[in-house]
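To start, the structure under review is shown below, and the notes come after it.
The values are calculated or read from the model by the stated rules, or taken from the named source; none is laboratory data. Since the structure is predicted, the reported quantities are computational estimates derived from the model, not experimental observations. Note that each Cβ is placed from the backbone with ideal geometry, even for glycine, and that neighbours are counted across all protein chains shown. SASA here: full protein model, heavy atoms, side chains in, ligands and nucleic acids out. Shrake-Rupley method; radii C 1.70, N 1.55, O 1.52, S 1.80 Å.
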Amino acid sequence: MAIFSGLLDAFSSEFGIDLGTANTLVYVQGQGVVLNEPSIISVGYRDGKPHTLAVGKDAKQMIGRTPDSIRAIRPMRNGVIADFEMAGMMLEHFIRRVHRNRSFISPRIAVCIPSGATQVERRAIRESAESTGARDVVLIEEPMAAALGADMPIMESNASMVVDIGGGTTEVGIISLGGLATTRSVQLGGDKLDQALITYVRNNFQLQLGEQSAENLKKDIGSVCLPEDGTDGQTCTVRGMDLTTGLPREIEVSERHMYEAYSETVDQIAETVRDALRHTSPELAADLVNQGVLLTGGGALLKGIDKVIRDTTGLPVAVHDEPLFCVAYGTGKLLGNRLLLRQLAQIGSS
Ligand SMILES: Nc1ncnc2c1ncn2[C@@H]1O[C@H](COP(=O)(O)OP(=O)(O)OP(=O)(O)O)[C@@H](O)[C@H]1O
Ligand SMILES: [Mg+2]
């Protein structure tokens, strides 16, 4: 499970990795985010052994389009590594790309993990990173990384609250004095929304949509609120396969359809946020009336999600300007903060 093997040759100062279900970002100290690619690898097979054909954006284009001899794989599922061999091959490729024009020795590595990761998963990631001979490995939980990356005042006694809606997980963190006072992690995020839309279109239009088409629709006209003017909102044409004839067919999907498709998943996300609040101390909850909630992760870009969280919690809600980068920024900032490093070193060692 040495998914980080080979990194030592590639890096040598300090870098952070956001190994996300949908996207992998690498942050190098002093240089910022130097890699941002979909967490996807496509492989061919020679004598039964896989070899890399493409990674990242190039591999993403192959999803649902590969002949039988090629597989386009997402090694991360629901926020955790589902396929260690493929995750390792993917990372190696990314790292080699980052390595060009840079030289590093003996790295200190910060890796972001879901707050719901099991001890076994934490150990596997830590051991993989350590196997590179890294001089130091720090695991940082995703809500903490997001809050740090978003410049929230996490070292203060006043509570900060972050909700990171990623591709595979939604992570809620209420932070005070540099620690996570309350966390919730559920395997709900962009992927579940895409699946919900595929099911909705199948049931209502008798059309099979591809995953890529569902994600594109979400980014174009995805909405989790009904249009305020009472209309069906924006529409978009999408193609899929007719379930009866097996032939390609086009339909028009509206914001209202998207809202209906997403509502159950969005309700579950909102309930998770509410549950975190219910289980936090009254003092911290009171702080949040002023501090509010910050939304990060790609799901924060969904139209109306801030309104849903505001209505659910009664708290002020803001969306970060760069929601897809917060976690990577956080891993980088952690490496530059000795005090916090010492505090967080506990997480990975437990
Ligand atoms: N404009 C947008 N509107 C809605 N969703 C979006 C938008 N842009 C990206 N997304 C979705 O955000 C998700 C990716 O977000 P992000 O990169 O934060 O996830 P991740 O960190 O890889 O996943 P996780 O943290 O769950 O492991 C994808 O599901 C993607 O479809
Ligand atoms: Mg993430």
Pairwise FRET efficiency - residue 311 versus residue 243, Cβ, R0 = 51 Å, nearest 0.05: 0.90
Debye log10 I(q)/I(0) for segment 176-319, one point scatterer per Cα, at q = 0.09 Å⁻¹: -0.34
At q = 0.20, 0.23 Å⁻¹, base-10 log of I(q)/I(0) for segment 217-296 (Debye sum, equal scatterers on each alpha carbon): -0.96, -1.06
For the chain, calculated [θ]222 nm from helices alone, where every DSSP H run of n ≥ 4 adds -39500 (n - 2.57): -12000 deg cm²/dmol
Percent breakdown of C-alpha pair distances by 5 Å bin, ordered from the shortest bin, for segment 272-329: 4, 18, 26, 23, 17, 10, 1
Quarter of the Cα convex hull surface for the chain, i.e. its orientation-mean projected area (nm²): 18.5 nm²
Beta bridge orientation in the chain: antiparallel %, DSSP, nearest 5: 70 percent
Length added when fully stretched, residue 97-residue 275, from 0.36 nm per residue minus Cα-Cα: 59.9 nm
Mean-position separation - Cα centroids, segment 292-327 and segment 78-96, in angstrom: 28 Å
Protein accessible area in the chain, 1.4 Å probe - carbon and sulfur %: 48 percent
Debye intensity ratio in log₁₀ form over the Cα atoms of segment 190-262, taken at each q of 0.13, 0.15 Å⁻¹: -0.33, -0.43
Pairwise label distance in nanometres, residue 155 with residue 53, each label 7 Å out on the Cα-Cβ vector: 5.0 nm
Of every Cα-Cα pair in segment 122-240, the percent that sits beyond 22 Å: 57 percent
Modelled FRET efficiency - R0 30 Å, residue 208 with residue 231, Cβ distances, 0.05 increments: 0.60
Set of aspartates and glutamates with alpha-carbon distance to residue 219 below 13 Å, sequence-local pairs under 8 removed: 191, 194, 211, 255
Alpha carbon centroid spacing (whole Å) that separates segment 107-166 from segment 32-47: 22 Å
